[in-house]
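What follows is one structure encoded as structure tokens, with my remarks underneath.
The values are calculated or read from the model by the stated rules, or taken from the named source; none is laboratory data. Quick caveat, the model's predicted, so the values are computed rather than measured. FYI the Cβ positions are ideal-geometry reconstructions off the backbone, even for glycines, and counts take in every protein chain you see.
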Amino acid sequence: MGESEAIVFADNNDADVLLIEEDAGRQVAKKMRIHVRGSIGVLLYGFDKNVLTASDVDAALEGMKKAERRISKDLYDYAHEYVRR
């Protein structure tokens, strides 16, 4: 499913949140008042809910980095710091 299909699906089904990474799609979804979250947001949510540990988040971030996922240095650093607070 592409981004546009995911946005339509989320809208038609009154989804609580849409997992989406692509910037243009995120902006469209936000304009439609669909709550969006990316992969790092999901990790930090899991951490906040005590489903994931700081080590789990760190391991996932490292895995994403090794897989050459495009993550800005600022966001990567923020996520590492977030689980250390």
Taking only segment 26-42 into account, find how many residues are charged (D, E, K, R) and surrounded by 16 or more Cβ atoms within 10 Å (Cβ to Cβ). 2
Which listed residue, of A54, A15, A67, A60, is surrounded by 10 or more Cβ atoms within 10 Å (Cβ to Cβ), among the hydrophobic types (A, V, I, L, M, F, W, C) and closer than 24 Å to G2 by Cβ: A15
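Select, from D48, D23, D56, D16, the only residue that is farther than 25 Å from E81 by Cα and among the charged types (D, E, K, R).
Going through D48, D23, D56, D16 in turn, just one is farther than 25 Å from E81 by Cα and among the charged types (D, E, K, R): D16.
Give the residue, chosen from L52, L75, L44, that is modelled with pLDDT of 95 or more and part of a helix (DSSP H, G or I). Talk me through it step by step, then tell me what you get.
On the way: L52 fails: part of a helix (DSSP H, G or I); L75 fails: modelled with pLDDT of 95 or more.
Being modelled with pLDDT of 95 or more and part of a helix (DSSP H, G or I) holds for just one of L52, L75, L44, which is L44.
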Examine segment 2-14 for a residue that is more than 23 Å from A79 (Cα to Cα), at pLDDT 95 or above and among the polar types (S, T, N, Q), and state whether such a residue exists. yes
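Determine whether G2 is surrounded by 15 or more Cβ atoms within 10 Å (Cβ to Cβ), without any contact (Cβ under 8 Å) to a residue 24 or more places away in the chain and not charged (D, E, K, R). Give the derivation first.
Working: surrounded by 15 or more Cβ atoms within 10 Å (Cβ to Cβ): no; without any contact (Cβ under 8 Å) to a residue 24 or more places away in the chain: yes; not charged (D, E, K, R): yes.
No; evaluated as a whole, the condition is false for this residue.
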